[in-house]
Amino acid sequence: MLTFQTDIVIKGKKAEKYQELSNKYGFLLVDIYMMSGVLGFINNQKDVADNDSNITANIPRNVLQSRSDKIDFLYQIVTLTEEIDVDAENAMKLAFEENSIANPKKLYKRELFDDYAMGGIDILYDMLSDVEFDKQVDNIKDILDKFFEKSNLGQKTVNDILEEEGL
Amino acid sequence: MIFRKMKLHNFRQFKGDTEISFSTDKSKNVTVIIGNNGAGKTTLLQAFNWCLYGQVKLEHPEELITKEIISKIGIGEKERVEVSLEFEHLNKIYTCRSFIDYIRNSNGNIQKLDEDRIFTISDSETGETRKTTQNAIREIFPSDLSTYFLFDGERMQDLVDNQRIGKKDLSNAVKNLLGLDVLENAKYHLSKAKKEFETEFVSDSSSRLSQINEELKLIDERIEEESLNKEKYENELIELEKKQSKVNEILKSNAGLKELQNKRIEYAKMMERIESDIERKKTDIFKTFGTASVSYFLGSTFDILREKIKKSDLSDKAIEGINANAINHILKSGECICGCNLNNNPTAIAKLEKLRSYLPPESYSILLKGLEVNMNHAIDNNSKYYENFNRMYDEYNNLINQKDIYTNKINDNEKLIADVGDRDLSKYNDEYIQLRNLIASKNQAIGSCKNQIDVLKQTQRNREDERSRITVSSNINDAVQFKVDICEKLINEMTTRLNKKEKEVKNDLQDKTSELLSKMLNSDKTIFIEDDYNFNVADEYKTTTLSEGEKIVTSFAFVGSIISIAKEFISKEKNDSLGISDDDRFTLVMDAPFAKLDLSHRQNVTSLIPTLTDQIILFSADSQWDGVVEDALKGRIGLMYNIDKNGTTSSISLVEREVQ
C-alpha cells in the first residue's frame, strides 16, 4: 500500500508551469504531476526543483491518496523499467516496496518518479503552452495522433477487445 | 392662372437665395423637381401656400427661418424670410411677395420686426406696375379652391387609402366648388332664427310655455355643444388615422428590416448556444486528456518492460505446482522430499528459503502478473480513450463548422441590415398600438356624442309637440307661426336645391373620374360615389376590389377630375360675375407617388398627367424618377430641377438639369 504522508509541493518556475497549464486547460495538478512524470520518463528527462519564483503548486495529500493505485502503477512501471537491467530482484523490491503511516519512509520509486516529473513538466508545458486558444483542441489531437503512431495502440480496436472478452 | 417663378430667401432649409422658374410653355407644360425624401419637396410645395395665403402645413410651422440663421443674428441685426411668386393671369403678370423681418433686440431675444404680403400687378403690354389689394388673389385663386391645385403626396394617398379622410376631401371638394358652405351657413342661421321665433308663441299656461322654451333653448345649446364635440373628435380622429397610416406605412416598408432583425436575434441565440456547446466540448476534451492520457503516453513502454522482465527470468524461478506452504512443511519436518536431512544443512535450508521467496504469497510472479493485468487494462482503456477522443474531436469540429456557418449567416444578415438602414422599430410598434387604442376611444366618444344628440333631438321633438299643444290660437301666435313657416319653407327650398346641385356635381365628378380611370387603366371602369361620399369601383360586370397600384391610379383620376371641375367652376363664376369669357390657364402642383404605381400603370398614368391641366409642377423622389416615368413625359417637360443637399452646411439648393 502506497501512503502519502504529506502534500507534494512544487516550487519555482516548474510551479508556474503547473499553475499555467491548470488555468489554461482546467487540469488538476495531480494529473499534471502524473503526465509530467510519464513524459519525463519516456523522454529520459529528469530535473530538480528551482527557486526562481515564489510561486508554488500544492498537490494535497488526500488527492494523492485517492489516486494512489494509479500513481503506484506508474511508479512500478517506471522503477522496474529503469532498474530491472541492473538487479532484477532489487528492482522488484524497489518497485513494489510499500510504506505506511507507521513506516512513513520516502520510497525510492517516488523519488525517481518525482525527478522525472520535474523534467517532464517542461516537456508537457512545451507541448501545450503557446498554443492559440482556437488551436488548443487541434494541438491535443496532434499529440495523441503522434503517440498513436509511435505505439502499438492502433493494433487493437474496441471491437477486437469486445470480441476477446466475449461480448 | 399659371406660375412663372418662385424666389425664396431663408425659407426653412432653403438658406440664402433660391430661385426656380416654371415652364409656361403650352406644349412642354411640365416642370419637374426631383429630390430625395427629406430634401425639401414638401417645403417647396408649402412655400406656395405661405406666400399666397400665409399658411404652412409643416411640422413646427412657426419655424419659417432656421434656428441656425436665427442663432447668427447679432444684437440689433435683422434677418428676413421671404417667398415671392410671380404668376400670369389673363395677360397680366402678378407678383405676390410675403416676408417677415426678424430682429435681435437689446435683451438678446428674437422678435418679429415687420411682416407683410404685397401684391403687384404689371400689364404685359404697357409694362406698367402697381400695387393691388390682397383681395385680388382671392378673386384669382381663392384659398378654398387653391387646395385643389396643390396636392401633396400624403393627400394623394389619403384620397383612396383612408376612406374617412378621402371622403371628407371629396365632400369638401364638391361643397367648396359649389360654394355650398356659404349656403349651409345660411341654413344654419335660418334654423336659429326659426327657433328664436318659436319662443315668441304665447300660451294659457304661460309658465309651462316659458319653461318649455327655456328647456328647448338649453337643448339647443346642448345639441350644438355635442355637435361641436363630435366634430372636434372627428377631426382628431382624422389626424390620428393619418398618423396611424404613416406609422403603418413605416412598418410595412420596414417589414423586410423587421424580418432581418428577427433573424439577427435568432442567429445570436444560435451562436450563443453553439459557443457554449464548443466550450463544454473543449472542457470535456481537456478533462479527458488530463486524466486518461497518462497511461496512453506510458503505453508505448509496456512492451519494453515486458521484454526486460522476460530476460530477467524473474517469473521463471518458481517451481510449478509447489507453493510456499509446501516449502514451510519441508522446513518444519527437517527432511527434504529427496530424503536429505536438513537439520545440519544450512546451505539446503537457505536454498529452500530462497525458493520460497519466488512462490506465493511472496511470489514475484504474482506481483508481475498483477502488473501485467494493469498494463493490459491500461491498453484496453487507451484504445477506448483514443476512439472516444476522436468522436469528441469530430463533434467539436462539427460545432466549429456550425459556428463558421452562423458567422457567415450573421455577417450576410448584418450587410443586408446595413443596406436597408438599421433602426429601432419597436417604437413604431408601440406607437401603432397606442394610436389604435386612441382611435378606438375616439370612435367611442363620437358614438357617444351621436347617441347624446339623438336623445336630445328626440326630447326636442317632444317638447316642441307639447308646445304646439299648449299654444293657443291668437293673432300673436298666428303671426309667429307665419314667420316660422317662412323660415321652414326657405330651409326646405334651399336644401332641395343644394341637394340637387350637389348631386349634379357629384355625378360630374363620378363621370369624369370614371373616364380618366378607364383611360389610365386601359379598361372600362365606373366609379360610384355614394351619398356619404364612399365610393366603389366597378368594371363592366361587378364591383371590384382595387389593388394597391389601382388605388393610386384612382387617386390620380380623382385629382384630374377635381381639377377639371374646379377649372369649369372658376371659369363659369367669372363668366357669370364679371361677364368675361376668359381663356385663363390653370396650374396643378403635385407630389406624385410614382413608386406606388404598378409598372404596368406607370406609363399610362404618367403620360396623362400633362393633359390634366395647362401647367403641371411635379415633385418626385429621386428613387421614383425612373426610366418609365421619364419616357412617358418625354417631350412634355419644359424645365427640370434637382434639389441638392449640401452635406457640410446642411443647406439646400436647386440645380437645373438638362431636359432629355
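The values are calculated or read from the model by the stated rules, or taken from the named source; none is laboratory data. Here the structure is a predicted model, which means the values were calculated and not measured. So basically every Cβ, Gly included, is an ideal-geometry build from the backbone, and we count neighbours across all protein chains shown. We work out accessible area using only protein heavy atoms, side chains counted, and drop any ligands, DNA or RNA first. Shrake-Rupley method; radii C 1.70, N 1.55, O 1.52, S 1.80 Å.
Identify the trypsin sites (Lys or Arg not before Pro) of segment B:1-94 meeting these criteria: DSSP loop state and at most 11 other C-beta atoms within 10 Å of the C-beta. Show your work: numbers first, answer last.
Working: sites: B:4, B:5, B:7, B:12, B:15, B:26, B:28, B:41, B:57, B:67, B:72, B:78, B:80, B:92; in loops: B:26, B:28, B:57.
Hits after loop and neighbour filter: B:26.
Inside 10 Å of the C-beta atoms of B:502-515, what's the mean count of C-beta atoms belonging to other chains? Walk me through the intermediate numbers first.
Working: counts 0, 0, 0, 0, 0, 0, 0, 0, 0, 0, 0, 0, 0, 0.
Per residue, the average neighbour count from other chains is 0.
Given points 7 Å out from each Cα along the Cα-Cβ axis, report the residue B:475 to residue B:458 separation in nanometres with one decimal.
Going by the 7 Å Cα→Cβ label model, 4.2 nm.
Starting from 0.36 nm per residue, how many nanometres of slack lie between residue B:115 and residue B:634 once their C-alpha separation is accounted for?
Numbers: separation 519, 0.36 × 519 = 186.84 nm, distance 4.23 nm.
Length difference between fully extended and current span is 182.6 nm.
Past 18 Å, Cα to Cα, is the threshold; run B:7/B:67; A:135/B:403; B:512/B:551; B:246/B:519; B:246/B:596 against it and keep the listed order.
Working: B:7/B:67 21 Å; A:135/B:403 15 Å; B:512/B:551 16 Å; B:246/B:519 30 Å; B:246/B:596 15 Å.
Violating the 18 Å limit, Cα to Cα: B:7/B:67; B:246/B:519.
Grab the Cα-Cα distance for residue B:402 and residue B:604, subtract it from 0.36 nm times how many residues apart they are, and report the gain in nm with one decimal.
On the way: separation 202, 0.36 × 202 = 72.72 nm, distance 5.21 nm.
Gain in length upon complete extension: 67.5 nm.
Given the Cα-Cα distance of residue B:246 and residue B:538 and 0.36 nm per residue of separation, how much length would full extension add, in nm? Intermediate values should be presented prior to the final figure.
Details: separation 292, 0.36 × 292 = 105.12 nm, distance 2.83 nm.
That pair, residue B:246 and residue B:538, stretches by 102.3 nm at full extension.
In peptide A:39-45, what is the residue-averaged number of other protein chain Cβ atoms found within 10 Å of each Cβ? Write out the running numbers ahead of the final one.
Numbers: counts 4, 0, 3, 6, 1, 0, 0.
Mean partner shielding for this stretch: 2.
Per residue, how much accessible area does chain B have with a 1.4 Å probe, in Å²? Present the calculation step by step, with values, prior to reporting the outcome.
Values: 34950 Å² over 660 residues.
Per residue, chain B has an accessible area of 53 Å².
Hey, what angle do you get for helix B:364-420 against the long axis of chain B, alpha-carbon based, 0 to 90 degrees rounded to 10?
Taking the Cα atoms of chain B, the angle to B:364-420 is about 10 degrees.
Interface size between chain B and chain A, please: total buried accessible area, 1.4 Å probe, rounded to the nearest 100 Å².
Summing both sides, the interface buries roughly 4200 Å².
Before I look further, what does segment A:8-130 give for accessible area per residue, probe 1.4 Å, in whole square angstrom?
Working: 5400 Å² over 123 residues.
That works out to 44 Å² per residue.
Could you give the dipole magnitude of segment A:8-130 about its Cα centre, charging the beta-carbon of Lys and Arg +1 and that of Asp and Glu -1, in debye to the nearest 20?
Details: 14 positive and 21 negative charges, 105 e Å.
Its charge dipole is roughly 500 debye.
Let me see the P(r) profile for the protein assembly as shown: every Cα-Cα distance counted, bins of 10 Å, each bin given as a percent of all pairs.
2, 9, 12, 13, 10, 7, 6, 6, 7, 7, 7, 5, 4, 2, 1, 1, 0, 0
Along each of the three principal axes of the Cα atoms of chain B, give the extent in whole Å, ordering the values from largest to smallest.
For chain B, the Cα spread along each principal axis is 175, 78, 72 Å.
Could you sort out which of B:567/B:634; B:195/B:457; B:192/B:489; B:187/B:501 sit more than 19 Å apart by Cα distance in this structure?
Flagged as over cut-off: B:567/B:634.
Provide a whole-number value for the mean count of partner chain Cβ atoms within 10 Å of the Cβ atoms in peptide A:71-81. Write down the numbers at each step before the final one.
Working: counts 1, 1, 9, 4, 0, 7, 10, 3, 0, 8, 9.
Whole-number average of other-chain Cβ neighbours for A:71-81 is 5.
How many percent of the accessible area of the protein assembly as shown is carbon or sulfur, using a 1.4 Å probe?
Ligands and nucleic acids excluded, carbon and sulfur reach 47 percent.
For segment A:8-130, just the Cα atoms, rotate onto the principal axes and tell me the three extents in Å, largest first.
44, 32, 24
Would you tell me the accessible area of residue B:500, worked out with a 1.4 angstrom probe on the heavy atoms of the protein chains, in Å² to the nearest 10?
About 130 Å², rounded to the nearest 10.
For every helix of n ≥ 4 consecutive DSSP H residues, a contribution of -39,500 (n - 2.57) applies; sum these over chain B, divide by its total residues, and give [θ] at 222 nm rounded to the nearest 500 deg cm²/dmol.
Details: 17 runs with 401 residues, N = 660.
Roughly -21500 deg cm²/dmol at 222 nm, from the helical runs in chain B.
Just to confirm the number: angle between the C-alpha axis of helix B:346-357 and the first principal axis of chain B, 0 to 90 degrees, nearest 10?
Once rounded, one gets 20 degrees.
If the cut-off is 17 Å between C-alpha atoms, which lysines fall inside it for residue B:354, apart from same-chain ones fewer than 8 positions away?
A:93, B:317, B:332
Based on Cβ point charges of +1 for Lys and Arg and -1 for Asp and Glu, what charge dipole magnitude is obtained for chain B about its Cα centre, in debye rounded to the nearest 20?
Values: 95 positive and 110 negative charges, 442 e Å.
Using only the charged Cβ atoms, the result is roughly 2120 debye.
Helix B:41-53 versus the longest principal axis of chain B: what is the Cα-based angle in degrees, 0 to 90, to the nearest 10?
Long axis of B:41-53 versus the principal axis of chain B: about 20 degrees.
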